[in-house]
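Report on the following structure.
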Amino acid sequence: MTEVSSLTGRLLVATPALADPNFDRAVVLLLDHDEEGSLGVVLNRPTPVGVADILQPWAELAGEPGVVFQGGPVSLDSALGVAVVPGEAGEHAAAPVGGDAAEGADTDGDGPLGWRRVHGAIGLVDLEAPPELLSAELGSLRIFAGYAGWGPGQLEEELVEGAWYVVESEPGDVSSPSPERLWRAVLRRQRNELAMVATYPDDPSLN
């Protein structure tokens, strides 16, 4: 098996050519990517369901809009918490994301208890932990129902087919208060031809 260069912590931005309605104009934060496959959450799919309706203890820590986001088409009945811890970016090398994601809690002292670094200041929250453990540390929290998953080599095939742009993430992407604008915003900040893609019309037939 050829070694996969890890894209953990990067963003997958759907190209206008991507036909899957699950990922139309999607911005996906990759939480795990290795030769065994990939897992991520869609950052720009807010639902009408409030965080308080399903995870009341965490509602106060969730950023605006205070709703649950649809992280992807897989396991819609499960919840994932992704949070930014200010001051963590770049202080330590990104911890490997292998292992049991369900454990969630950071066990090596790298960041607050109940938070496990994914990349830079971005990490996974153990939603089984008491929120007060993290309330003083978290800069922002977002709750996702479900996730996006790819089997071994599947994401690489989609990249070759031109389904996704791969770009660097920023901590603010996780907690964007205007998720409906995130696709254009992420493309617009690129310093290459991708910035032009941000102007692509929602319905190309109208162009």
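Computed with a 1.4 Å probe over protein heavy atoms only, the accessible surface of segment 24-91 comes to 44 Å² per residue. In this simple spin-label approximation, Glu168 and Ala52 carry label points 7 Å from Cα along the Cα→Cβ vector, and these lie 3.8 nm apart.
Arrange the residues Leu61, Leu43 by how much accessible surface each exposes, largest first, with a 1.4 angstrom probe.
On the way: Leu61 40, Leu43 0 Å².
Most to least solvent-accessible, the answer reads Leu61, Leu43.
With all pairs of different C-alpha atoms in the average, the Kirkwood value for the hydrodynamic radius of segment 18-87 is 13.5 Å.
The largest accessible area among Arg25, Arg181, Arg117, Arg191 belongs to the first residue in Arg191, Arg181, Arg25, Arg117, and the rest follow in falling order (1.4 Å probe, all chains).
Computed 3J(HN,Hα) for segment 20-37, one whole-Hz value per residue from the Karplus formula 6.51 cos²θ - 1.76 cosθ + 1.60 where θ = phi - 60°, is 5, x, 4, 10, 4, 6, 7, 10, 10, 8, 7, 8, 7, 8, 8, 5, 8, x, glycine and proline marked x.
Solvent-accessible area per residue in segment 136-182 equals 46 Å², computed with a 1.4 angstrom probe and all protein chains kept.
The values are calculated or read from the model by the stated rules, or taken from the named source; none is laboratory data. The structure displayed is predicted, hence computed values, not measured ones. For neighbour counting, all protein chains shown are included, and Cβ atoms are generated from backbone atoms with ideal geometry for every residue, glycine included. Remember, those area values only see protein heavy atoms, side chains included, never the ligands or the DNA or RNA. Shrake-Rupley method; radii C 1.70, N 1.55, O 1.52, S 1.80 Å.
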